[in-house]
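K.L.:
Take this structure, written in structure tokens, and hold onto it; I'll ask about it next.
The values are calculated or read from the model by the stated rules, or taken from the named source; none is laboratory data. Worth saying up front: this structure is predicted, and the values here are computed from it rather than measured. Every residue, glycine among them, receives a Cβ derived from its backbone with ideal geometry; neighbour counts consider all protein chains shown. For accessibility, only protein heavy atoms count, side chains too; no ligands or nucleic acids. Shrake-Rupley method; radii C 1.70, N 1.55, O 1.52, S 1.80 Å.
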Amino acid sequence: MNLFYTPDIQDQYYQLDEVESKHCVRVLRLKEEDEIHLIDGKGTLFTAKIIDAHPKRCTVECIEKKEEFGKLDYDLHLALAPTKNIDRTEWFLEKCTEIGTSEFTPLLSAHSERKVVKHDRLFKVITSAVKQSLKAYHPKLNELTKFADLVTADFDGDKFIAHCNPGEKTHLKQLCKPKSKCLVLVGPEGDFSPEEVELAKANGFQEISLGESRLRTETAGVVACNIVSLANY
């Protein structure tokens with residue numbers, strides 16, 4: 001399935017942007033009458049026919065659409081402190097998009113080694129993963145957010161914080177409920193500070209474990225995502 005991300009699609013006839021047109025015509029070598037699929041990132045999958053295979057402004061005609069294609073039964077918001085090596089964060093975004101996530105928030109915490117991220121670049125990574133995994137829903141990507149701002153904000157769902165500090169914690173698999181909405185926080189390489197954990201607890205977050213192994217930040221994010229996914233399988 002040749003899938004293209006077209007967030008502003010509304011009409012029966014649609015013109016791909018220059019990047020997608022080039023990929024369609026030059027890279028994939030598609031031509032008039034060939035069928036492709038379009039997604040708006042909001043759950044609609046369109047089947048379309050190429051009517052003008054122009055490499056800069058390829059025009060298609062939508063001939064069928066499916067709404068709520070591949071809709072998840074749950075709502076997962078992952079907030080993770082970006083890693084010093086941004087490639088690891090991009091890997092996390094890619095894999096969690098493939099598994100199934102509704103929203104991402106890059107998190108700025110006390111021990112963060114990376115305090116700046118390129119939002120556009122991360123968005124492109126997610127978009128690529130959406131297309132690769134044939135999804136019609138594009139996860140929301142928030143701007144880099146301070147820890148205190150996120151944990152004190154309203155959230156209508158279950159809230160969890162994963163950390164390696166001493167103390168009793170419950171495994172996420174025992175707390176995650178099917179068909180629910182949840183927010184999971186994953187800290188930086190240096191973990192969350194004790195003060196951050198206390199602030200989160202004071203705002204309704206439950207302390208969780210992701211198992212006995214000591215995980216890298218990005219691995220912990222993927223493990224948390226997979227646990228939630230399996231709880232809804």
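K.L.:
Keeping to region 17-27, report how many residues are modelled with pLDDT under 95 and either among the hydroxyl-bearing types (Ser, Thr, Tyr) or in a loop (DSSP other than H, G, I, E, B) (or both).
P.N.:
Residues that pass the stated criteria total 1.
K.L.:
If the requirement is being within 29 Å of PRO7 (Cα to Cα) and either among the polar types (S, T, N, Q) or not in a strand (DSSP E or B) (or both), which of these qualifies: GLU189, GLU113, GLU98? Lay out the reasoning, then the answer.
P.N.:
Numbers: GLU189 fails: within 29 Å of PRO7 (Cα to Cα); GLU113 fails: within 29 Å of PRO7 (Cα to Cα).
Being within 29 Å of PRO7 (Cα to Cα) and either among the polar types (S, T, N, Q) or not in a strand (DSSP E or B) (or both) holds for just one of GLU189, GLU113, GLU98, which is GLU98.
K.L.:
On to the next question. Among (1) loosely packed, with under 15 Cβ neighbours inside 10 Å; (2) part of a helix (DSSP H, G or I), which single condition is ARG214 missing?
P.N.:
(2)
K.L.:
Continuing with the same structure: Could you tell me which residue of region 169-186 is most open to solvent (accessible area, probe 1.4 Å), considering only residues that are assigned to a loop (DSSP other than H, G, I, E, B) and not hydroxyl-bearing (Ser, Thr, Tyr)?
P.N.:
Step one: list which residues in region 169-186 are assigned to a loop (DSSP other than H, G, I, E, B), which gives 169, 176-180.
Next, only the ones that are not hydroxyl-bearing (Ser, Thr, Tyr) stay: 169, 176-179.
Working: LYS169: 55, CYS176: 16, LYS177: 103, PRO178: 83, LYS179: 153 Å².
Once the filter is applied, the top-ranked residue is LYS179.
K.L.:
Continuing with this model, one more query. Scan VAL117, VAL60 and give me the residue that is touching a strand residue (DSSP E or B) at 6+ places or on another chain (Cβ under 9 Å), among the β-branched types (Val, Ile, Thr), in contact (Cβ under 8 Å) with a residue 24 or more places away in the chain and over 24 Å from VAL151 (Cα atoms). Talk me through it step by step, then tell me what you get.
P.N.:
Values: VAL117 fails: over 24 Å from VAL151 (Cα atoms).
After ruling out the rest, the residue left standing is VAL60.
K.L.:
When region 1-27 is examined, which residues are found to be open to solvent by less than 60 Å² (accessible area, probe 1.4 Å) and more than 18 Å from GLY70 (Cβ to Cβ)? Full working, then the answer.
P.N.:
Quick first cut of region 1-27, residues open to solvent by less than 60 Å² (accessible area, probe 1.4 Å) only: 2-7, 9, 14, 16, 20-21, 24-25.
TYR14, LEU16, GLU20, SER21, CYS24, VAL25, listed by residue number.
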